[in-house]
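Just below is one structure, and these are the notes that go with it.
The values are calculated or read from the model by the stated rules, or taken from the named source; none is laboratory data. Remember, predicted model here, so these are calculated numbers, not experimental data. Cβ coordinates were reconstructed from backbone atoms using ideal geometry, including for glycine residues, and neighbour counts include every protein chain displayed. Just the protein is used for accessible areas: all its heavy atoms, side chains included, with ligands, DNA and RNA removed. Shrake-Rupley method; radii C 1.70, N 1.55, O 1.52, S 1.80 Å.
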Amino acid sequence: MSLIRYINHLKELVELERKAEIEAMREEMRKLTGQERERLGRAILGLNGKIIGEEFGYKLVKYGRKKEIKTEISVGDLVVISKGNPLTSDLIGTVTEKGKHFIVVALETLPSWALRNVRIDLYANDVTFKRQIENLDKLSESGKRALRFALGLENPKESVEVEFEPVDKQLNESQKKAVSLALGSGDFFLIHGPFGTGKTRTVTEVILQEVKRGKKVLATAESNVAVDNLVERLWGKVKLVRLGHPSRVSRHLKESTLAYQVETHEKYRRVREFRNKAERLALIRDQHTKPAPQWRRGLTDRQILRLAERGIGARGIPAGTIKSMARWITLNEEVQRLYDEARKLEEEVVKDIIREADVVLSTNSSAALEFIKDVKFDVVVIDEASQATIPSVLIPIAKADKFILAGDHKQLPPTVLSEEAKELSETLFEKLIELYPSKAKMLEIQYRMNERLMEFPSREFYDGRIKAHDGVKNITLLDLGIRVFSFGEPWDSILNPKEPLIFVDTSKHPEKWERQRRGSLSRENPLEAKLIREIVQRLLKMGVKPEWIGIITPYDDQRDLISLLIENDEIEVKTVDGYQGREKEIIILSFVRSNKKGELGFLTDLRRLNVSLTRAKRKLIAIGDGETLSIHPTYKRFVEFVKEKGTLVQLNNKKD
């Protein structure tokens, strides 16, 4: 495909996905009641608000209620506030804080109705899509070259190793080699970071080394959380500034934001003076008659000023009113002049801060912000690159001649809602690593999990190349002070704190079957959900802290069912997609599928299995129907691996 045709094709895909995302949100709002959306965690009802302050020009409103708030809505999300029907409201805000009984939202404007008995709904954000399309419309030469590499229309230069003195003395050999090759690349380089291998740590070293060489770096990632991680690691080591809405930044990182640095800049005092003076003058101006159409009767500002000078009225307007309007016009000109001065000076301050920064950080989408429109970067470094679509990573890539992508294409790709735009889930990282394997380096030491938990995914997805660091090789629950309990079988085998890897096989149990709710495309498995409740209750009795436990399942309906049974908010119950990049001491995994046809549905996307198996640090309890799962060769190998290296527990009657 030619470059021009491919760019136009990408624009069509983005538009399809934009429509799908907005339509999915609106359709759900139309179909479901507020209570149903609240149960799904995408709405909060019956809230009252009060203004608790102002930050960076936004009003902070704390919405609360007596009943506890359980929601998927989190800090940084866009929300719509309404009196009951979110489809008729255009009051959009950003969540800045959340607690058990409250949620704080930053709003540009605050109508009086928005403080009593309102609901808040999670909102689809189409600004991101618009930015992607705008960037594709006027794609820079750097962006086009990246696409030519991806399409095989141009060959990249060879990467060579470069000697460097590590800032982080703890880097292992594979991490050092990745940094060395990234520094020795003239066009691009790929850091392939499987689970727990210190990908972000390696990316941080690359950024520090590039700055040492006098380069200006743009560092981005798909999510705000990942950008915050980079800010946290770089803070105090380089001069940096973080772009984006301040409310989407973790509280303690506020000092890194552009808004904070602007407001604390030495020149900003003058900006405040201009604005304060403008506000004082506006109060005096408003005591005079505003030259609205009914008063001016066709007279221009100049005519009014001339009449006032001569002290006369005209067109039936008394001389006093003419004088008052003239005074309003004169004062208004001064108010506008002061605001313009403030704006110009503020823009100067922003330019100063960005010019002086070694590293500018933002999400991929925020790299389209006006502030850095004309800033030329030497290198762009993108973390989480295997979770971002091509139009998303092209926004930062378009701003520098060299790019470094870090990610893992063996884990989950970006979520794409539109069936017609599914092609967007193939990332630039994936295309480039397949075409140019010599332009990538895989990190090979993992620091997360017990060796036995790591062995199967390493063998199955990474050619057995991943090794466990000595510090984690043999970690178990015993290290956390959890002792062997006696509950009787099968619980003692399942919960044994010495044993990291368990598969609970339900294939011989009469109640093993999955089911589907009416009107739902998802699946649930009541037996597996009940087993998870029993396991969790016993783990807590053993002294396991609730925050050490994570429960994962591929299906939304199973997640909802488990959440109803587990009445503990500190235990995270999420779909696999919601757990990428996360880890817990103990993971309980429900596979759900159990049927006579041997259908596995989207369990056959093995990247989902890879993510599921690599979240646990000390113990993984996987629950599933071994017979149904073993129809697929990879799952069959997993069950056999547990038999050989872990503990396979066969459930076979109703008492279990």
(message) Give the separation of the Cα centroids, the stretch 253-321 to the stretch 373-443, in Å.
(response) 49 Å
(request) Keeping every protein chain in place, order M1, M454 by accessible area at 1.4 Å, biggest value first, i.e. largest first. (result) M1, M454
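Of all alpha-carbon pairs in the stretch 1-77, indicate the percentage at a distance above 19 angstrom. Don't skip to the answer; put the middle values down first.
Numbers: 1761 of 2926 pairs.
Percentage above 19 Å: 60.
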(request) Compute the long axis of helix 199-212 from its Cα atoms, compare it with the longest principal axis of the Cα atoms of the chain, and write down the angle in degrees, 0 to 90, nearest 10. (result) 50 degrees
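For the chain, what is the relative contact order in percent, using Cα pairs closer than 8 Å and at least 6 residues apart in sequence?
Details: 1212 pairs, mean separation 84.0, N = 656.
Averaging sequence separation for qualifying contacts and normalising by length gives 13 percent for the chain.
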(request) Report Y635's accessible area, 1.4 Å probe, all protein chains in place, as a number in Å² to the nearest 10. (result) 10 Å²
(message) Per residue, how much accessible surface does the stretch 451-650 expose to a 1.4 Å probe? Answer in Å², no decimals.
(response) 42 Å²
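Is there a pair in K373/K431; K169/K212; K402/K441; K169/K473 whose C-alpha atoms are over 25 Å apart, and which pairs would that be? Display every interim value, and only then the final one.
Working: K373/K431 28 Å; K169/K212 16 Å; K402/K441 17 Å; K169/K473 21 Å.
Table pairs above 25 Å Cα-Cα are K373/K431.
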(request) Compare the Cα positions of A150, V160, A259 along the charge dipole of the chain (+1 at Cβ of Lys, Arg; -1 at Cβ of Asp, Glu; about the Cα centre) and return the one farthest towards the positive end. (result) A259
(message) So if I take the alpha carbon set of the stretch 141-184, get Rg, then get Rh from the Kirkwood formula, what is the Rg over Rh ratio?
(response) 1.16
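Highest mean first, how do 46-53, 521-528 rank when packing is the count of other Cβ atoms within 10 Å averaged over residues?
Numbers: 46-53: 14.8, 521-528: 20.5.
The most tightly packed comes first, giving 521-528, 46-53.
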(message) Once you keep just the Cα pairs under 8 angstrom separated by 6 or more residues, what percentage relative contact order results for the stretch 32-124?
(response) 34 percent
(message) Per residue, how much accessible surface does the stretch 32-124 expose to a 1.4 Å probe? Answer in Å², no decimals.
(response) 49 Å²
(message) What FRET efficiency comes out for D492 versus K344 if R0 is 56 angstrom and r is the Cβ-Cβ distance? Round to the nearest 0.05.
(response) 0.15
(request) Identify, among L540, S112, S438, the residue whose Cα sits farthest towards the positive end of the charge dipole of the chain, taking +1 on the Cβ of Lys and Arg and -1 on the Cβ of Asp and Glu, with the dipole about the Cα centre. (result) S112
(request) Mind jotting down the distance between the C-alpha centroids of the stretch 552-612 and the stretch 503-527, whole Å? (result) 13 Å
(message) Taking the alpha-carbon distance from K545 and a cut-off under 21 Å, which lysines remain once sequence neighbours fewer than 8 residues away in the same chain are dropped?
(response) K70, K100, K498, K530, K574, K584, K617, K619
(request) Would you mind telling me the antiparallel percentage of the DSSP bridges in the chain, rounded to 5? (result) 35 percent
(request) For K176, list the aspartates and glutamates whose Cα falls under 12 Å from its own Cα; do not include residues on the same chain fewer than 8 positions away. (result) E161, E163, E165, D168, E205, E444
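Compute the Cα gyration tensor for the stretch 357-421, then decide on rounded, prolate or oblate, letting a ≥ b ≥ c be the square roots of its eigenvalues: rounded whenever a/c is under 1.5, prolate when a/b is larger than b/c in the other cases, and oblate in all that remain. Please report the intermediate quantities before stating the final value.
Working: a/c = 2.58, a/b = 1.68, b/c = 1.54.
Verdict is prolate for the stretch 357-421.
Which value, in debye to the nearest 20, describes the size of the charge dipole of the chain about its Cα centre when Lys and Arg Cβ atoms bear +1, Asp and Glu Cβ atoms bear -1, and nothing else is charged? Could you put the intermediate results ahead of the total?
Values: 114 positive and 100 negative charges, 391 e Å.
With only Lys, Arg, Asp and Glu charged at Cβ, the dipole is about 1880 debye.
Counting every Cα pair in the stretch 451-650, what percent are over 21 Å apart? Please list the in-between numbers first.
Working: 9576 of 19900 pairs.
Result: 48 percent of Cα pairs exceed 21 Å.
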(message) Using each residue's phi in the stretch 107-112, evaluate 6.51 cos²θ - 1.76 cosθ + 1.60 at θ = phi - 60° and report the 3J(HN,Hα) Karplus result to the nearest Hz, with x for Gly and Pro.
(response) 10, 6, 10, 9, x, 4
(request) Kindly provide the Kirkwood hydrodynamic radius of the stretch 122-218 in Å, to one decimal, from all pairs of distinct alpha carbon atoms. (result) 15.8 Å
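For the chain, what does -39500 (n - 2.57) per DSSP helix run (n ≥ 4), summed and divided by total residues, give at 222 nm, in deg cm²/dmol to the nearest 500?
Numbers: 21 runs with 251 residues, N = 656.
Helix-only estimate at 222 nm: -12000 deg cm²/dmol.
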(request) Please work out the Cα convex hull volume for the stretch 32-124 and give it in Å³ per residue. (result) 89 Å³
(request) Any chance you could give the angle, 0 to 90 degrees and rounded to 10, that helix 268-285 forms with the longest Cα principal axis of the chain? (result) 50 degrees
(request) Return the sequence-ordered ³J(HN,Hα) values of the stretch 335-352 in whole Hz as given by the Karplus equation 6.51 cos²θ - 1.76 cosθ + 1.60 applied to θ = phi - 60°, using x for Gly and Pro. (result) 4, 4, 4, 5, 5, 4, 4, 4, 5, 4, 5, 4, 4, 4, 4, 4, 4, 4
(request) Quick one: order L453, L151 from most to least accessible surface, probe 1.4 Å. (result) L151, L453
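If you place +1 on the Cβ of every Lys and Arg, -1 on the Cβ of every Asp and Glu, and leave all else neutral, what size is the dipole of the stretch 451-650 about its Cα centre, to the nearest 20 Debye? Could you put the intermediate results ahead of the total?
Working: 35 positive and 32 negative charges, 51 e Å.
About 240 debye.
Based on the Kirkwood radius over alpha-carbon pairs, what is the Stokes-Einstein translational diffusion coefficient of the chain at 37 °C with 0.692 mPa s viscosity, in µm²/s? Each step should come with its number before you reach the end.
Working: Rh = 28.1 Å.
D = 117 µm²/s.
Mind ordering 139-148, 226-235, 202-211 by average Cβ neighbours within 10 Å, highest first? Each step should come with its number before you reach the end.
Values: 139-148: 18.5, 226-235: 20.1, 202-211: 24.2.
Highest mean packing first, the order is 202-211, 226-235, 139-148.
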(message) Compute, for the stretch 32-124, the length of the dipole vector about the Cα centre, with Cβ point charges of +1 (Lys, Arg) and -1 (Asp, Glu) only. Units Debye, rounded to 20.
(response) 520 debye
(request) First compute the accessible area of the chain with a 1.4 Å probe, then give the percent of it belonging to carbon and sulfur atoms. (result) 48 percent
(message) In whole Hz and in residue order, list the ³J(HN,Hα) couplings for the stretch 34-51 that follow from phi through the Karplus curve 6.51 cos²θ - 1.76 cosθ + 1.60, θ = phi - 60°; x for Gly and Pro.
(response) x, 5, 5, 5, 5, 4, 6, x, 10, 8, 9, 9, x, 9, 10, x, 9, 6
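Rg/Rh for the stretch 267-353 to two decimals, with Rh computed the Kirkwood way over all alpha-carbon pairs. Don't skip to the end; give the middle numbers.
On the way: Rg = 16.4 Å, Rh = 14.2 Å.
Taking Rg over the Kirkwood Rh, I get 1.15.
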(message) Straight-line reach from K351: which aspartates and glutamates fall under 14 Å, measuring Cα to Cα and dropping same-chain residues less than 8 apart?
(response) E263, E266, E370, D374
(request) Using every pair of alpha-carbon atoms in the stretch 414-514, split the distances into 5 Å bins beginning at 0 and state the percent of pairs per bin, rounded to integers. (result) 2, 10, 11, 12, 13, 14, 13, 11, 8, 5, 1
(request) Compare the Cα positions of N332, N364, S140 along the charge dipole of the chain (+1 at Cβ of Lys, Arg; -1 at Cβ of Asp, Glu; about the Cα centre) and return the one farthest towards the positive end. (result) N332
